[in-house]
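Before any comments, here is the structure.
The values are calculated or read from the model by the stated rules, or taken from the named source; none is laboratory data. In this text the structure is predicted, and so the values were computed from the model without any measurement. Note that each Cβ is placed from the backbone with ideal geometry, even for glycine, and that neighbours are counted across all protein chains shown. Keep in mind that these areas ignore ligands, DNA and RNA; they rest on the heavy atoms of the full protein, side chains included. Shrake-Rupley method; radii C 1.70, N 1.55, O 1.52, S 1.80 Å.
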Amino acid sequence: MVHESPYLFTVNESEQPSQKLIRVVGSLVNASRGELDPVQNIIDPELLDNIRHSRSDVSFSFRYEGYDVTAHSDGRIVLRDPASIYAQLDNLSNTLHMSSGDEDKICADLLQQYPFDHENVLTVVYGQHPDHSIEPILQHGTKPPANNKVISVTSEGSEPDSQLFNVKTDLVDMNMEDGFSRLGKEILQTIGDWTSNPYKTVLCFRSIEAVIDRTDIETGFKFFHLLTEKISSSNVTAHYHINSKTCDDMTINALTPLFDAVVYEDGNFTISK
């Protein structure tokens with residue numbers, strides 16, 4: 001992959017998507033039109049050119065010159081590395097990220113479905129400084145997300161605000177009787193507030209076992225069952241961290257069916273649904 005993936009460009013009303021795709025890919029791989037595979041060998045160019053005339057919000061994907069290409073009816077075309085976890089999971093709503101150590105590289109891959117400046121990024125953290133949630137973004141050295149918010153779950157008083165990217169930080173105290181209810185409402189309220197902007201919303205939940213440790217498995221299961229259902233019915237993609245070393249097998253086995261896929265720290269994954 002010559003250019004860091006994902007790469008996004010837009011097509012206006014006066015342009016043909018099939019022709020602009022050739023120009024953009026040629027620029028990225030430093031190849032002339034004649035050196036590229038003709039688009040018609042991969043897909044019907046009329047299908048690609050007419051997607052802008054669709055009456056509903058549609059998209060489709062295909063492989064071209066080493067990129068996983070997704071064309072949207074609003075004029076966005078995204079080029080991704082086919083080997084990326086997100087491209088392989090095919091936009092599943094809820095993914096369980098099971099690890100036993102450093103997981104930021106995979107977390108960054110799951111977060112970056114589009115260039116970060118075309119995303120709303122919501123992170124839920126427990127017992128961590130809010131800036132820790134920004135580390136996967138910093139690894140890419142890219143522009144900050146279009147909107148970026150951290151919900152800090154705590155039981156020991158206030159956490160400091162993030163000093164990076166001017167991230168908004170909200171606090172949820174799990175010691176309060178309605179802690180789970182407030183956490184769920186805060187997540188859904190933030191997602192709802194972002195529906196009016198054109199960017200993709202992604203959620204990173206760090207971590208499941210830290211929250212479940214504050215309650216029993218039945219209450220935790222109910223919370224994540226309701227949350228994953230809400231995420232599935234919205235245009236949001238979420239992943240949830242769980243540490244296989246600190247979380248017992250019974251809890252992991254009880255929660256796993258709630259998710260569309262499970263990604264392991266070595267990058268392997270299984271699709272559940």
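Laid out as a table, the results:
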{"quantity": "Relative contact order [Cα under 8 Å, 6+ residues apart], segment 178-273, whole percent", "calculated": "27 percent"}
{"quantity": "Fully extended contour minus Cα-Cα distance, from ARG23 to THR270, at 0.36 nm per residue", "calculated": "85.3 nm"}
{"quantity": "Other-chain or far-sequence residues with amide H under 5 Å of TYR64's (modelled H)", "calculated": "VAL69"}
{"quantity": "Residue-wise HN-Hα coupling along segment 234-249, computed from phi with Karplus coefficients 6.51, -1.76, 1.60 (Hz; x: Gly, Pro)", "calculated": "10, 8, 10, 10, 10, 10, 10, 7, 9, 8, 5, 8, 9, 9, 6, 4"}
{"quantity": "Amide H partners (placed H, <5 Å) of ALA238, local residues excluded", "calculated": "ASN94, THR95, LEU203"}
{"quantity": "Cleavage-rule hits, trypsin sites (Lys or Arg not before Pro), segment 1-55, DSSP coil, Cβ neighbours within 10 Å at most 14", "calculated": "ARG55"}
{"quantity": "Spatial separation of Cα centroids for segment 226-273 and segment 1-54, in angstrom", "calculated": "35 Å"}
{"quantity": "Other-chain or far-sequence residues with amide H under 5 Å of GLU119's (modelled H)", "calculated": "ALA146, ASN147"}
{"quantity": "Label-to-label distance, nm, for residues given as ASP57 and THR10 (7 Å Cα→Cβ offset)", "calculated": "1.5 nm"}
{"quantity": "Sites ASP249 and LYS105 - FRET efficiency at Förster radius 25 Å, r taken between beta-carbons, to 0.05", "calculated": "0.45"}
{"quantity": "Simple label model, 7 Å out from Cα along Cβ direction - SER232 to GLN40, nm", "calculated": "4.4 nm"}
{"quantity": "Surface accessible to a 1.4 Å probe, per residue, for the residues of segment 179-273, Å²", "calculated": "49 Å²"}
{"quantity": "From phi via Karplus (6.51, -1.76, 1.60), per-residue ³J(HN,Hα) for segment 61-70 in Hz, x at Gly/Pro", "calculated": "10, 7, 9, 8, 6, x, 10, 8, 9, 10"}
{"quantity": "Flagged links, alpha-carbon separation over 23 Å, of LYS105/LYS149; LYS149/LYS185; LYS105/LYS185; LYS185/LYS222; LYS105/LYS230; LYS20/LYS149", "calculated": "LYS105/LYS185; LYS105/LYS230; LYS20/LYS149"}
